[in-house]
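A.B. asks: For reference, the structure I am asking about is given below.
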Amino acid sequence: MHRIVVDAMGGDHAPDEIVRGAAEASLALTGAEIILVGDASVLGRLLPRLRHDGARVRVHHAPTFVEMDEKPAEALAAKPEASIAVAADLVARGEGDALVSAGNTGASVLACSRRWPLLEGVRRAALASVYPTELRRGEKEDPFSLILDVGATIDATAEDLVGFAVMGSAYARLISQNRRPRVALLSNGSEAGKGPASVVAAHAALVETTELNFIGNIEGLDIPRGVADVVVTSGFVGNVVLKMLEGVSETVVRLARYAHKERLAWRLGLIALSSAIDQLKSITDWQQYGGAPLLGFTHPFIKAHGRSNARAIGNAVKVAHKALAGNLCGNIARTMAELDERAQRRASGD
Amino acid sequence: MLRRLSRIPVRLGERIGLVEPDVEPLPPGAKPPRHTFRWDLDKTYLRTEFDSLKDLAMSAFETAADKQAFPGATALLRSLRQDGNRICIVSGSPTQMRQVLAAKLALDGVEYDEFVLKNNLKNILRGRFRALRAQIPYKLPAMLRSRIAAAAEAETLFGDDAEADAIIYCLYADLIAGRVSIADLERVLIASRAYDDDAAWCLELARTVPKAPAVRRMFIHLDRRSPPMGFRRFGPRLVPVFNYFQTALVLYQDKVLSARQVIFVALEMLDSGQYELGTLATSVQDVIRRGRITRETALQLAAEAHEAAKSGALSGRSDLPPFERISEAFRERVRELGAAPATDSHQEEPLDYVRLVDEEHEHRRTRRKQGVD
């Protein structure tokens, strides 16, 4: 049975929506046990109000939690028994198999990186994010592509970028059921020689791989088009890209609201388009995806959006379960080992 | 010869489910049972799906071997039967299913003293269609009649959350304890839309039934995974349970079961393949967290179970880890709670049964509209 540890106190709507999502997941997943980490007296009051499987949800007490706006390192130092730290500890000690949190992202990444070893062959972990695109992919007709790294680290060497490509591809294969996810490097041009030295070197290395479906470089405007299923970049660039994409989405929504208020003709136009807009919203609703992973460690960690409601949390738990059931970490480690072996053979002149 | 011939219509009637066997009273001079355990069957003992017409039809054609008991329920029933206790089964299944259900109980090695089924054929022939779904006007008189035949000092009732078992059992408990008057019962029967003669029969039984606060405990098996909080209004005597290990734990605390008997329930659940040691340990935590057993009870059980294990309760179980590891896993689940108090806030106010019945009817109407019932 897979044990999924959930940081019940992290997130804007914690603990109520987190517990609700976990309770719903306990009914949907027969091969999983969910461990809610947080204030046991609070969680103990919430659970009996919900439909859940009492044999598959348990509570592990943690007296404090990291607030969303706290500085990660300082908060973890001041609150060693914060729910995210206790949760990461449980997984580190082998009392849990995967972690889900909607809490402070920096604190989550720091808590995991301090306690969990990296997979063999992985130099750096990468935080991924999903972004809705024009194209669908995989057996599940997934409208999201995966971008990584979006902030686990700042810089990335060529080897790091290759590692990110392997991890992102393994994740997309498993979660989107996409047999050959298209992997691309984010650059300032599609030519192989474009971009900083690390990107050029990573391009050269990825072109040699057969394990990955590497399609070359893409530019920023290719991301929403869905040209690639997995977009690889450094943490600094990825974070900027992600924030910009989120800002564009918010601006579009604000403009639509402005248009709705400003002129009758525009309002009528929006009303005429409303069913299409609703359809688009449901297709690109991040809540149905639950969260995105922190890849590279020996255990899966799914980082849910800070505003996650019960549905998003339930889906994040299901993604974690899928990652465990599909042996995501094992697949990443195996591919890294194959790449490493090939690199060694090449180096020895075979 | 004439006597045998005169029995043919009765035997034929029983065979097709038109005539129900009488509840036999205790022979004169017989000692009354110490404890009566009353069990519902579908969704309480048996894993029965009849939420759709297809499921209902399939259920009707299942053989005894096809029917599945909930893990742990058989071991529990067998344990409860010991020491001369009485097992009475009252089920809403139709009388035509007696043969297959009795065969299933026999296959499971479950002995019982009474087995009452619902005579829906008679209801159909009499044009009493609302009686087909009605539970209170059927189960309550059946339980009262059973108690009149053999009144035990203590009773424990087992039901599920699919229909109105919680209401019926609490009503029965309060009725025989003298907390619900005949006039109140009459109002409840009207709210339950009982036919006049059925209501009159029920009231007559209520007047005759031996009175005592005999019902010690009621267990509601959460087959539909209803939120446990919804049962708080029925008071601490009613315990919603996710599985029969939790039932066994509470009965151990009530000193009805021994540690060895609790182990046997747990072993049956493990052998079913549907439970692991981890889920049993989590079940312990859940029932402590809800304030249904104390941590001290859990620790005492661990100590007694250890003794039982040493004396052979786990012999031949090379598939299990050493008992010390099992015990530590269970203790760890308790420690995980920290010092958090149990959420034990049960209401003790008298129940308004008419309102409960009305709410239950409304709830069922909603479920039917949603296509769930």
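A.B. asks: What distance in nm separates the two pseudo spin-label positions at residue A:267 and residue A:157, each 7 Å out from Cα along the beta-carbon direction?
C.D. replies: 6.1 nm
A.B. asks: Which of B:145, B:47, B:86 moves the most in a Gaussian network model of chain B with Cα springs under 10 Å?
C.D. replies: Between B:145, B:47, B:86, it is B:47 that shows the largest mean-square fluctuation.
A.B. asks: Show me the helices of chain A, taken as full DSSP H stretches, that run 24 Å or more along their long axis by Cα and average 0.0 or above in Kyte-Doolittle hydropathy.
C.D. replies: A:158-175, A:235-262
A.B. asks: Oh, and also: Please give the FRET efficiency for residue A:190 paired with residue B:54, using the beta carbon to beta carbon distance and R0 = 60 Å, rounded to the nearest 0.05.
C.D. replies: It comes out at approximately 0.60.
A.B. asks: On average, how many beta carbons from a partner chain sit within 10 Å of the beta carbon of a residue in A:56-66?
C.D. replies: For this peptide, the per-residue mean of nearby foreign Cβ atoms is 4.
A.B. asks: Please figure out what share of the DSSP beta bridges in segment A:150-302 is antiparallel and state it in percent, rounded to the nearest 5.
C.D. replies: Of all bridge pairs located within segment A:150-302, approximately 20 percent are antiparallel.
A.B. asks: If you don't mind, another one. Against the 2.2 N^0.38 Å scaling, with N counting residues, where does chain B land? I'd like the Cα-based Rg ratio to two decimal places.
C.D. replies: It is 1.02.
A.B. asks: Looking at the protein assembly as shown, what % of its DSSP beta bridges pair antiparallel, to the nearest 5?
C.D. replies: 20 percent
A.B. asks: I want to make sure I understand the PRE zone here: with the label point 7 angstrom from the Cα of residue B:363 toward its beta carbon, which residues in segment B:163-194 have backbone N atoms less than 11 Å away?
C.D. replies: Answer for segment B:163-194: B:163-168.
A.B. asks: Calculate how steeply helix B:259-271 sits against the longest principal axis of the alpha-carbon atoms of chain B, using the helix alpha-carbon long axis, and give the answer as 0 to 90 degrees to the nearest 10.
C.D. replies: 80 degrees
A.B. asks: For segment B:58-148, what relative contact order do you get, as a whole percent, if you take Cα pairs closer than 8 Å and at least 6 residues apart?
C.D. replies: That works out to 30 percent.
A.B. asks: May I pose another question? Once the convex hull of the alpha carbons of segment A:37-103 is built, what does its volume come to per residue, in cubic angstrom?
C.D. replies: Given the Cα convex hull of segment A:37-103, per-residue volume reads 99 Å³.
A.B. asks: What is the order of B:168, A:313, A:218, fewest Cβ neighbours within 10 Å to most?
C.D. replies: The most exposed by this proxy come first: A:218, B:168, A:313.
A.B. asks: What ranking do B:139, A:71, B:54 get, fewest neighbouring Cβ atoms within 10 angstrom at the top?
C.D. replies: Ranked by crowding around the Cβ, least crowded first: B:54, A:71, B:139.
A.B. asks: Distance from a point 7 Å along Cα→Cβ of residue B:276 to each backbone N in segment A:290-331: keep the residues under 20 Å and list them by number.
C.D. replies: Zone members listed by number: A:298-302, A:317-331.
A.B. asks: If you don't mind, another one. Mind listing the long-range amide H neighbours of residue A:185? Cut-off is under 5 Å, sequence gap 5 or more, other chains count too, H placed in the peptide plane at 1.01 Å from N.
C.D. replies: Answer set, sorted by chain and number: A:216, A:217, A:218, A:232.
A.B. asks: Counting Lys +1, Arg +1, Asp -1, Glu -1, what net charge surrounds residue B:134 among other residues with beta carbon under 13 Å of its beta carbon?
C.D. replies: Computed value for this residue: +4.
A.B. asks: How many percent of the alpha carbon pairs in the protein assembly as shown exceed a separation of 40 Å?
C.D. replies: 46 percent
A.B. asks: Further question on the same structure: Antiparallel as a % of all DSSP beta bridges within chain A, to the nearest 5?
C.D. replies: Approximately 30 percent, going by the DSSP bridge assignments.
A.B. asks: Given R₀ = 30 Å, what would the calculated FRET efficiency be for residue B:153 paired with residue B:300, taking r from the Cβ atoms and rounding to 0.05?
C.D. replies: With R0 = 30 Å, the Cβ-Cβ based efficiency is 0.75.
A.B. asks: While we're looking at this one, here's another question. Over the C-alpha atoms of segment B:78-230, what are the Rg and the largest Cα-to-Cα span, Dmax, in Å?
C.D. replies: Here Rg and the maximum Cα pair distance are 15.7, 44 Å.
A.B. asks: OK, next. Given Cα pairs under 8 Å that are at least 6 residues apart, what percent is the relative contact order of segment B:112-268?
C.D. replies: 25 percent
A.B. asks: Could you line up B:89, A:4 from fewest to most neighbouring Cβ atoms inside 10 Å?
C.D. replies: B:89, A:4
A.B. asks: Report, as an integer, the average count of C-beta atoms from other chains found within 10 Å of each Cβ along A:36-42.
C.D. replies: 3
A.B. asks: Further question on the same structure: Which loop-located GluC sites (Glu not before Pro) does segment B:72-162 contain, where loop means any DSSP state but H, G, I, E or B and the Cβ has at most 14 other Cβ atoms within 10 Å?
C.D. replies: Of the GluC sites (Glu not before Pro), the ones in loops of segment B:72-162 whose Cβ has at most 14 other Cβ atoms within 10 Å are B:111, B:153.
A.B. asks: Which three extents, in angstrom, do the Cα atoms of segment A:102-255 have along their principal axes, listed largest first?
C.D. replies: Largest to smallest, the principal-axis extents are 46, 37, 33 Å.
A.B. asks: Which order do the peptides A:44-52, B:283-291 take when ranked by the mean count of other beta-carbon atoms within 10 Å per residue, highest first?
C.D. replies: B:283-291, A:44-52
A.B. asks: Between B:107, B:80, B:41, find the one with the highest GNM mean-square fluctuation for chain B; connect C-alpha pairs within less than 10 Å.
C.D. replies: Comparing B:107, B:80, B:41 in a Gaussian network model of chain B, the most mobile one is B:107.
A.B. asks: Obtain the radius of gyration and the Kirkwood radius of segment A:1-152 from its C-alpha atoms and give Rg over Rh.
C.D. replies: 0.99
A.B. asks: While we're here: Expressed in whole Å with the largest first, what are the equivalent ellipsoid semi-axes of chain A derived from the C-alpha gyration tensor as the square root of 5 times each eigenvalue?
C.D. replies: 32, 29, 18
A.B. asks: Using a 10 Å cut-off around each Cβ of peptide B:267-279, what is the average number of partner chain Cβ atoms that fall inside?
C.D. replies: Partner Cβ neighbours, averaged per residue: 2.
A.B. asks: With chain A treated as a Gaussian network of Cα nodes joined by springs under 10 Å, which of A:76, A:146, A:161 yields the largest mean-square fluctuation?
C.D. replies: A:76
A.B. asks: Related question: Sort A:219-231, B:324-336 by the packing proxy (mean of other Cβ within 10 Å over each peptide's residues), most packed first.
C.D. replies: Ranked from most to least packed, the peptides come out as A:219-231, B:324-336.
A.B. asks: If contacts are Cα pairs under 8 angstrom and at least 6 residues apart, what is the relative contact order of chain A in percent?
C.D. replies: Relative contact order, chain A: 22 percent.
A.B. asks: Continuing with the same structure: Can you tell me the order of B:297-303, A:249-255 when each peptide is scored by its average per-residue count of other Cβ atoms within 10 angstrom, highest first?
C.D. replies: Put in order of decreasing packing, that is B:297-303, A:249-255.
Values in this text are rule-based calculations from the coordinates and carry no lab data. Every value quoted in this text rests on a predicted model; they were computed, and no experiment measured them. So basically every Cβ, Gly included, is an ideal-geometry build from the backbone, and we count neighbours across all protein chains shown.
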